[in-house]
Amino acid sequence: MNEKKFVRKILCVGAGYVGGPTMTIIANKCPEYQVTVVDINQARIDAWNSDQLPIYEPGLKERVLQARGKNLFFSTEIDKGIQEADIIFVCVHTPTKDFGEGAGKASDLQFIEATARRIKDQSSGKKIVVEKSTMPVRSAEALERILHSGNNSSEFEVLSNPEFLAEGTAIRDMENPDRVLVGSRETPSGIKARDELVKIYEHWIPKERVITSNLWSSELSKLTANAFLAQRISSINSISAICEETQANVREVGNAIGKDTRIGEKFLFAGPGFGGSCFRKDIANLVYLCETYGLKEVAEFWDQVIKMNDYQMDRFFKRILRAMFNSLVGKKIAVLGFAFKPDTSDTRDAPAITICKKLLREQARLGVTDPKALENAKLDLQGVEGSVEFYADPYEAAKNAHALVLITEWEEYKNLDYSRIFKSMEQPAFVFDGRGVLDHQKLFDIGFNVYSVGQPGMEHFSG
Ligand SMILES: NC(=O)c1ccc[n+]([C@@H]2O[C@H](COP(=O)([O-])OP(=O)(O)OC[C@H]3O[C@@H](n4cnc5c(N)ncnc54)[C@H](O)[C@@H]3O)[C@@H](O)[C@H]2O)c1
């Protein structure tokens, strides 16, 4: 590698769902920058350097192959990376604390702090440190204090650049984002650092979509965006409960209200509850922050979004139980989809985990299938009492099953040969469409009893 050909060296600490894809796109779009992604997890780095990338994301592999070894590098040499870097992105995880004060709500910032201390210890000269991980508002202040502590002569400018990509569409979201947000101190050095980062994004993103703000607005915008998105899901899910009681159809309601441009059409699809590594954690963090600042009513308002989500998963499970004559003992249930959404292998906080555990407690036998997330599903259900088999082939998962439970709306599940599946199942056969994406009339005509979230059940011999 010819070291001199790069105008700037970027380092990203954390080679996960955010660090890997975002740095790949920066490397693709900015060939004159050297981009190195480091992690403490050797296996993860080995996977990034192999043909089997550690995460699945449509379009990711081609883009990694385009840049890897040219201006994109994956390594565990964290200290070396820090020493050489001009700009350091912090992309480590910020999970919910599961111990001590604030357990279940507050962010566990130990990985951020360890990274900050390492940056401080290994740095000399001037560096820009970019918070890309999602952090509680005012975290940049803590980062600054750690970085500038002791008798370190280095100068750091801390920026906030929260990531808004959605898994499953990460590449599209990075290449064509609605906006990029860069928060900085409003000092001359803060603005200079901000402009450096903005310059990177302007390689491919129109100027007007790169927004700047103060540090705290930037940090809070990320938590707020996730809170609003999750709130929309909980809102339509709450309406799905009324629909099921009243013969209204949540798809029709969503369609009707979405035509109002003030409401808009997106994120109005009822489901079995939201999942993923961010929504629950970020709202819990927002709730904790509000409580810390004594804003009880605000905390309660946002907490309700999480409660509604738990309620929705439970409601979905109970509808299965009730429809199947209040007994699932020994019945095989085929679970279609385990990832928290389609086009990802990620199962973190997936509703499938909660729903499968509830079904297993009823002593159902599960046949789980998913196009990309089976390995993660095995880990998630490891040690859970009960009978679970994993199938790559959905037709095998459905064989001899009493019910199909669609939890993740993978495109391929819309086009399965349901007549063939029906013939291989126990009778009466049930479909529980957790996403409202299947052709319910067709399934009913084949002979299935069909239940979709937020829609009246379609039952044979009900009268
Ligand atoms: N996943 C998403 O869709 C998404 C979207 C937007 C923002 N975020 C935020 O981005 C951050 C990262 O999320 P993620 O999903 O990529 O997490 P992740 O768990 O996939 O990746 C984090 C990585 O950081 C590494 N790491 C931890 N401590 C380290 C250290 N001290 N030194 C080096 N590496 C270390 C871990 O080994 C891991 O590989 C979180 O704050 C998250 O809230 C995530």
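A few notes on this one:
- Here the dipole of the chain is about 240 debye; that uses its Cα centre as origin and unit charges on the Cβ of Lys and Arg (positive) and Asp and Glu (negative).
- One chain, two ends: LYS259 and GLU101. Fully extended at 0.36 nm per residue, the span grows by 52.4 nm beyond their Cα-Cα distance.
- Taking a Cβ cut-off of under 13 Å around THR354, the surrounding Lys, Arg, Asp and Glu residues balance to a net charge of +3, with basic ones at +1 and acidic ones at -1.
- Straightening the chain between ILE191 and GLN42 buys 50.0 nm, computed as 0.36 nm per residue apart minus the Cα-Cα spacing.
- Overall size of segment 214-463 from C-alpha positions, given as principal axis extents largest first: 60, 42, 30 Å.
- Residue-count net charge about ALA397 - beta-carbon cut-off 10 Å; Lys, Arg +1, Asp, Glu -1: -2
- Geometric descriptor of segment 3-205, per residue, is 128 Å³ (volume of the convex hull of the Cα atoms).
- Cα-based equivalent ellipsoid, the chain: semi-axes from gyration tensor eigenvalues, Å: 44, 24, 20
- Taking 0.36 nm per residue of separation and subtracting the Cα-Cα distance, full extension of the segment from GLU202 to PHE461 would add 87.0 nm.
- Proximal lysines to LYS80, defined as alpha-carbon separation beneath 29 angstrom and excluding residues fewer than eight positions away on the same chain: LYS4, LYS5, LYS9, LYS29, LYS61, LYS70, LYS120, LYS126, LYS127, LYS132, LYS192, LYS199
- Distance between the C-alpha centres of segment 248-326 and segment 385-463: 24 Å, rounded to the whole angstrom.
- Helical segments meeting 24 Å axial Cα length and Kyte-Doolittle -1.0 threshold in the chain (DSSP H): 215-246, 296-323
- Net charge over other residues, Cβ less than 12 angstrom from the Cβ of GLU412 (K, R count +1; D, E count -1): -4
- Pair-distance profile P(r), taking every C-alpha pair of segment 185-268, with 5 angstrom steps and integer %: 3, 12, 15, 14, 13, 10, 10, 9, 7, 5, 2, 1, 0
- For segment 174-218, the alpha carbon convex hull comes to 62 Å³ per residue, rounded to a whole number.
- A P(r) calculated from all alpha carbon pairs of segment 345-449, with 5 Å bins opening at zero, reads 2, 12, 23, 26, 20, 12, 4, 0 percent.
The numbers here are math on the coordinates, done by the rules we state, and not lab data. All values reported here derive from a predicted model rather than from experimental measurement. Cβ: placed from backbone, ideal geometry, glycine included. Neighbour counts: every protein chain shown.
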